[in-house]
Amino acid sequence: MDMHMNPEQKSGRKSQNSGGGIKGWIEYRLPIFSFLDHSLGSQYPAPRNLNYWWNFGSIAGICLVMQILTGLFLAMHYVPHGTMAFDSVESIMRNVNYGWLLRYAHAVGASMFFVVVYIHIFRGIYYGSYKAPRELLWWFGIVILLLMMATAFMGYVLPWGQMSFWGATVITNLFSAIPGVGESIVHWLWGGFAVDNPTLNRFYALHFVLPFVIVAVVVLHIWALHVHGSNNPLGIDVKTPQDTIPFHPYYTIKDCLGFGVFFLIFSWFVFFAPNSLGDPDNYIPANPMITPPHIVPEWYFLPFYAILRSMPDIGIPFTDIVFVSSKLAGVVGMFGSILIFFFLPWIDRGTVRSAAFRPVTKLLFWLFLIDCLVLGFVGSQPPEGIYLLIGRIALAYYFAHFVMLWYISRREKTLPLPESISKAVLASADHHR
Amino acid sequence: MKKTVLLIVSSLMTLGVAGLAYGESDQKRPHKIDWPFEGVFGTVDKQSAQRGFQVYKEVCSACHSLNRIAFRNLQDLGFSEAEVKSLAASYQVADGPNDAGDMFQRPGKPSDYFPSPYANENAGRAAHNGALPPDLSLIIKARKDGPNYVHSLLTGYGPVPPDVQLADGQNYNPYFPGGKLMMPPPLSDGQVTYADGTPATVDQMARDVVTFLQWAAEPEMEARKQMGIKVMIYLAIFTAFMYVAKRNIWRRIH
C-alpha cells in the first residue's frame, strides 16, 4: 500500500544522511542537511593540496558576519544626526555596557576584513584563480570589494569626527570631476550644498543596507565557486577522485585553526591597540570651519588615494593645452585601478594558472605587490616633492604591470606541469621522507 | 608560511600607521615617557590620577571644559561616594526650566557632568582672542602620541627663537604644531599643594594631569586590558587544540 511506504522509498531519493528521526523528517521535506553536506561537508570534494593561503576566504566570511553583528548592536545606540552622532559614539564607549568592545571590534574588524580580503585577492592573482572557468567567480569577488569599499567609506563617516567629515568632503567632491553634470551629482549626493546632516543620514542608511547586498553577492561568489571547486597551488584541474579529499573534516578543521590564529591577531588589536589603525583627528568632533592639515583616509584606501593624487594634467607637454584635468584623471585612474581587474582573466593570456610554473609572471606578481605597498606609503604622505615623484612612478608601474602581463603571458616559457595533483602531492611527500 | 602571513599583515599595518608620522614638520617630536598605563598589563595609577584631577580642577578647568566626564565617574579613581557628592555639590549647575518656565542654578549632583567654563563656544572664543581652548575629555586620544604630546606641551615652553614672530597674546612652544599657541605656560613649580605631600614640580603636575586625562579619554582601559588577557589565553588554548586536531585528522592522508 502506498500509504505504508516509507518516505525514502516513495521519493526514490535515498540520501545517506537522511536516516530516520527528526533529522530524516526534516530532510525529507527540506534537504538542508544534504545541501550543507554537499556545500561544506564530506560530500564536497576539495583539491588535496590547498595551502594556508586558502584559509582567507573562510576568514573573510567570518569577518563579514562579525561586522554585521557588531554593527547591528551599535546601530541600536547610534544617533545619525550632525549634532548628536559624535556624542552618541562617545556614549557607546562610556555608558553602554561593553559598548567599547562593540565599537572597537567593529572598527578594528573593518581593518581586519580588508587585510584578509587583500590577501585573498593576491592569493587569487598568484595562483591564477581568476582564469577559466572561474571568471564569474572572480567578477563577483571584485563586486564584493567595491561594495566593501563603499560600505567602509560610509561607515567611517558615521562617528562624525574631523576625518569623517573631511574624508567625506574630499571623496564626494571627486564626482565633481565628471564633465558637465559633476557639480549637480555632488549636490545630489550631499542632499544640500555641503556635507551636512542629510549626507550623514543617507550614509547611515546605506551603511546599514550595503552589508546585506554584500551577503547576497557572497552567496553568488560561493555558488560560482562550488560549480568548478577551488583552484589549487598547482593550478591544474582535478582529474581523478585521488586528487581530492572531502571538505569535511580536512578543510573544516584547517579553517578552524585559521580562525584561531586570526582571532588572536584581531583580539590583540581590539584589546591592546584599538586606536593604532585609526587617525587621532577623528576624536575631534567634525568642524566645517577647520580643515585638518592632513586629510588621509583609512590605511586600506591609501594606495587608491595615492593614485588619485598622483595623476598629472593630461595634455600636450610643454604647452598649456590640457585635455583631461589632473582631478578627472585621478578619479578615472582610481576607479580604473580596480575596474581593470574585471579584465584580468583576458589580459592574462597564459594557459598555465599558477605562478609557481610561470617564472616571469611570478616576478611580475611580486613587483606588483611591492608597487601597491609603495603606493600605500605614498598615499600616507603629503603629495609634494619626492613623494609626488615616487607616486607617479608607482602609478605608471601599476598600469604598466597589466600591459607587461598581457605581452609576456603569451610568450612566457612555463615550467613543466605535474601530471596530477595526487602525483605531485605524493612526490613531495616522498621527497620529505 | 604562518611567518610570512604575519610579516605581510604587520608590514601592511606599519604602512598604514606610518601615515600618521610627523610629516611636514616644524613640530618637535614629543619626548618619550614610560607611563604605567601603557602596555598589555598597564593600569591607571590612582594616586597620580587623583592628583591630576586636582591639577585639572585648580588649573586647567579655568579655561578647558571636560564635558564627557560626570562627577560620578570619579569613583573609578578611588574617590568615595561621599567625596563625589560633596565635590559635585560645590559646583553650580544650570537646570530647568522649572514650573514657572525659568532656568535656575542648583548645586551639582553626582550624575551631573562637569560644567563648562563658558556659556557657549563663542563666549569661549571671545575670552581667548578667538582661540577656543579644546575640551579635554578626549585630548589624549585626539592627538598623535597623546600622553607624551600633552606632557611635552605642558613642560616644553622655552625661549622664543629669534626667527619666530609672535602676535599679541601668543606663546611659543616647539611641541605645538606651528609652534605658536594662545595658551601661556600653565604650570609653575608649587602651583598646587598636594594633600599626599608629593612635591608639585612642573614635571610631576604634568605627569599627574596626563594620567588623569588618559583615564578621562579611556575610562574602560583597565577593564579592556584585563578582558583582553583572558581572551588571549582562551584563544591560545583554542588554537593549540585546533592545531593538534588538524594534525591528527590530516595524518590519515599524509
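The values are calculated or read from the model by the stated rules, or taken from the named source; none is laboratory data. It should be emphasised that the depicted structure is a prediction, and the values quoted were computed from it without experimental measurement. Every residue, glycine among them, receives a Cβ derived from its backbone with ideal geometry; neighbour counts consider all protein chains shown. SASA here: full protein model, heavy atoms, side chains in, ligands and nucleic acids out. Shrake-Rupley method; radii C 1.70, N 1.55, O 1.52, S 1.80 Å.
So which of B:PHE176, B:PHE238 is part of a loop (DSSP other than H, G, I, E, B), of a type in the set (Phe, Trp, Tyr) and surrounded by 13 or more Cβ atoms within 10 Å (Cβ to Cβ)?
Residue meeting the stated conditions: B:PHE176.
Do we have A:TRP366 as over 17 Å from A:TYR130 (Cα atoms) and out of contact with any helix residue (DSSP H, G or I) (no Cβ under 6 Å at 6 or more places or on another chain) here?
Spelling it out, A:TRP366 is indeed over 17 Å from A:TYR130 (Cα atoms) and out of contact with any helix residue (DSSP H, G or I) (no Cβ under 6 Å at 6 or more places or on another chain).
Is there a residue being more than 11 Å from chain B (Cβ to nearest Cβ), among the aromatic types (Phe, Trp, Tyr) and surrounded by fewer than 21 Cβ atoms within 10 Å (Cβ to Cβ) anywhere in segment A:243-250?
No, segment A:243-250 has no match at all.
Check whether at least one residue in segment A:365-376 is open to solvent by 30 Å² or more (accessible area, probe 1.4 Å), away from chain B (no Cβ under 14 Å) and at pLDDT 95 or above, and report yes or no.
Yes: one or more hits.
What single numbered condition from (1) within 12 Å of another protein chain (Cβ to nearest Cβ); (2) in a helix (DSSP H, G or I); (3) in contact with a Ser or Thr (Cβ under 8 Å, 6 or more places away or on another chain) fails to hold for A:LEU50?
All conditions are met except number (2).
Among the listed residues B:TYR113, B:TYR118, identify the single one that is within 14 Å of chain A (Cβ to nearest Cβ) and of a type in the set (Phe, Trp, Tyr).
Numbers: B:TYR118 fails: within 14 Å of chain A (Cβ to nearest Cβ).
Within the list B:TYR113, B:TYR118, the selection yields B:TYR113.
Could you check segment A:408-422 and list, in sequence order, the residues that are out of contact with any strand residue (DSSP E or B) (no Cβ under 8 Å at 6 or more places or on another chain), surrounded by 14 or more Cβ atoms within 10 Å (Cβ to Cβ) and part of a helix (DSSP H, G or I)? Please lay out each step first, then the result.
Our first condition is that a residue be out of contact with any strand residue (DSSP E or B) (no Cβ under 8 Å at 6 or more places or on another chain); within segment A:408-422, this holds for A:408-420, A:422.
Then drop every residue that is not surrounded by 14 or more Cβ atoms within 10 Å (Cβ to Cβ), which leaves A:408-409, A:412, A:414, A:417-418, A:420, A:422.
Hits for segment A:408-422 are A:ILE408, A:SER409, A:SER422.
Among the residues of segment A:276-299, is there at least one that is within 10 Å of chain B (Cβ to nearest Cβ), over 24 Å from A:ALA150 (Cβ atoms) and either part of a helix (DSSP H, G or I) or open to solvent by less than 20 Å² (accessible area, probe 1.4 Å) (or both)?
Yes, the conditions are met somewhere in segment A:276-299.
State all residues of segment B:130-152 that are more than 19 Å from B:PRO219 (Cβ to Cβ), within 12 Å of another protein chain (Cβ to nearest Cβ), assigned to a loop (DSSP other than H, G, I, E, B) and not aliphatic (A, V, I, L, M); if no residue qualifies, say none.
Applying the first criterion (more than 19 Å from B:PRO219 (Cβ to Cβ)) to segment B:130-152 yields B:130-133, B:144-145, B:148-149, B:151-152.
Narrowing the set further to residues that are within 12 Å of another protein chain (Cβ to nearest Cβ) leaves B:130-132, B:144-145, B:149.
So of that shortlist, the ones also assigned to a loop (DSSP other than H, G, I, E, B) come out as B:130-132, B:144-145.
Listed by number, the residues that qualify are B:GLY130, B:LYS144, B:ASP145.
For B:ARG125, work out the one condition from (1) away from chain A (no Cβ under 14 Å); (2) at pLDDT below 95 it doesn't fulfil.
Of the numbered conditions (1) away from chain A (no Cβ under 14 Å); (2) at pLDDT below 95, the odd one out for B:ARG125 is (1).
Filter segment A:168-183 down to residues that are open to solvent by 20 Å² or more (accessible area, probe 1.4 Å) and in contact with a helix residue (DSSP H, G or I) (Cβ under 8 Å, 6 or more places away or on another chain), then give me how many there are.
Within segment A:168-183, residues that are open to solvent by 20 Å² or more (accessible area, probe 1.4 Å) and in contact with a helix residue (DSSP H, G or I) (Cβ under 8 Å, 6 or more places away or on another chain) number 7.
Is it fair to say A:LEU405 is in a helix (DSSP H, G or I), closer than 30 Å to A:ASP313 by Cβ and open to solvent by less than 20 Å² (accessible area, probe 1.4 Å)?
Taking the combined requirement at face value, the residue satisfies it.
The conditions are (1) buried (at least 19 other Cβ atoms within 10 Å of the Cβ); (2) within 10 Å of chain B (Cβ to nearest Cβ), and A:ALA105 fails exactly one of them. Which is it?
A:ALA105 satisfies every listed condition except (2).
Only one residue in B:LYS230, B:LYS225, B:LYS246 is among the basic types (Lys, Arg) and either farther than 28 Å from A:ILE92 by Cα or part of a loop (DSSP other than H, G, I, E, B) (or both), so which one is that? Explain how you work it out, then say what you get.
On the way: B:LYS230 fails: either farther than 28 Å from A:ILE92 by Cα or part of a loop (DSSP other than H, G, I, E, B) (or both); B:LYS225 fails: either farther than 28 Å from A:ILE92 by Cα or part of a loop (DSSP other than H, G, I, E, B) (or both).
Only one candidate qualifies: B:LYS246.
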